[in-house]
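Notes follow once the structure below has been shown.
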Amino acid sequence: MNRGVTFQTAPLTPAVKWLLIINVAVWFVFQVILEGFLRVPFTSIFGLYPGKVLFDFQIWQVGTYMFLHSLQVTHILFNMLMLWFFGAELEQRWGTRFFLIYYFVSGIGAAILYCLGVWGYALVTGSQTGLIVPVIGASGAVFGLLLAQGLIFGDRIVYFFMLFPMKTRYFVALMGLVQLASMMTSSVTGGEVAYLAHLGGLVSGFICLQVKAWFDRNSWKKKSNKSKGRNLRLVVDNEKSDKPPKYWN
């Protein structure tokens, strides 16, 4: 998907490094070895099954599915590369705490929106496929990181397929349209690709950034008002006491 796009990358940051380690370890130990060779049903427990989440209340799946990937090396390889490319610079800008909040809000939000979407699709069309087919991968969270890159570093130039220069904000908009068009032409469940989850990551990331902006504005207003209150001083002119007191700000 993003082979032809070049991004400025930052050195490995703490949260990104540990997310990479955990994802690769889970994939190799639990999926390749335990599930692939020893037939332990790991994905059926921790993958995202919308029907199990909605009706059996296996709600942990909305978080655990992000750490699972298919046995094809390219799936985890490109997700981890995108996590590094998009995430390291954002962690440097935001700090580790908010970066992790944003990452998990995007990923979990993508899962929730996906579950609700396939449920609504099943009610309208009668197709139960989306409710029983598992979704795995960090793509929802990665698309949230992609959105943040487009909003924060929107004027940065990237080269799509190494040939076509475009601003990051336009690239993000293009990717969103591609996901939407792909979903509409392949049903909500998206065949082998959960396009709805990708869109859910974009939407969840956008909501998270709007909430952060709201809190930042209110926090700044409170600090500004407190600062004004601390700087207010009462000065009395003893030489001319018949004049009203003066306030200095």
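The values are calculated or read from the model by the stated rules, or taken from the named source; none is laboratory data. Owing to the predicted nature of the structure, the values given are computational and were not obtained by experimental measurement. Heads up, the Cβs are rebuilt from the backbone with ideal geometry, glycines too, and the neighbour counts pull from every protein chain shown. Just so you know, the surface numbers come from the protein's heavy atoms only, side chains and all, with ligands and any DNA or RNA stripped out. Shrake-Rupley method; radii C 1.70, N 1.55, O 1.52, S 1.80 Å.
What the table shows:
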quantity	calculated
Tabulated pairs, segment 94-118, first touching a residue at least 60 places away in the same chain (Cβ under 8 Å), second assigned to a helix (DSSP H, G or I) and surrounded by fewer than 17 Cβ atoms within 10 Å (Cβ to Cβ), C-beta under 6 angstrom, 6+ apart or interchain	THR96/PRO14; ILE108/GLY63; CYS115/LEU54
All helices (runs of 4 or more DSSP H) inside segment 31-98 with 1 or more residues being closer than 30 Å to ILE152 by Cα and among the hydrophobic types (A, V, I, L, M, F, W, C)	61-64, 73-94
Segment 66-84 residues that are under 20 Å from PRO11 (Cβ atoms), paired with ones that are assigned to a helix (DSSP H, G or I) and of a type in the set (Gly, Ala, Ser) (beta carbon under 8 Å, 6 or more apart)	ASN79/SER139; LEU83/ALA141
Given (1) aliphatic (A, V, I, L, M); (2) modelled with pLDDT under 80; (3) open to solvent by 50 Å² or more (accessible area, probe 1.4 Å), index of the condition VAL203 fails	(2)
Complete set of residues in segment 95-114 that are over 16 Å from ILE136 (Cα atoms), among the hydroxyl-bearing types (Ser, Thr, Tyr) and surrounded by 18 or more Cβ atoms within 10 Å (Cβ to Cβ)	TYR102
Selection status of MET183, open to solvent by less than 50 Å² (accessible area, probe 1.4 Å) and assigned to a helix (DSSP H, G or I)	yes
Top-ranked residue of segment 206-237 - restricted to ones that are part of a loop (DSSP other than H, G, I, E, B) and either at pLDDT 95 or above or out of contact with any Lys or Arg (no Cβ under 7 Å at 6 or more places or on another chain) (or both), ranked as surrounded by the fewest Cβ atoms within 10 Å (Cβ to Cβ)	LEU232
Any hit, segment 161-179, residues being among the small types (Gly, Ala, Ser) and touching a strand residue (DSSP E or B) at 6+ places or on another chain (Cβ under 6 Å)	no
Sole residue being more than 21 Å from SER106 (Cβ to Cβ), modelled with pLDDT of 90 or more and of a type in the set (A, V, I, L, M), chosen from ALA181, ALA173	ALA181
Selection from segment 115-162 of residues that are in a loop (DSSP other than H, G, I, E, B), under 24 Å from GLN210 (Cβ atoms) and open to solvent by 50 Å² or more (accessible area, probe 1.4 Å)	ASP155, ARG156
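Conditions (1) more than 19 Å from the chain's Cα centre (by Cα); (2) aromatic (Phe, Trp, Tyr), marked per residue:
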{"site": "ALA25", "(1), (2)": "yes, no"}
{"site": "VAL40", "(1), (2)": "yes, no"}
{"site": "GLY63", "(1), (2)": "no, no"}
{"site": "PHE67", "(1), (2)": "no, yes"}
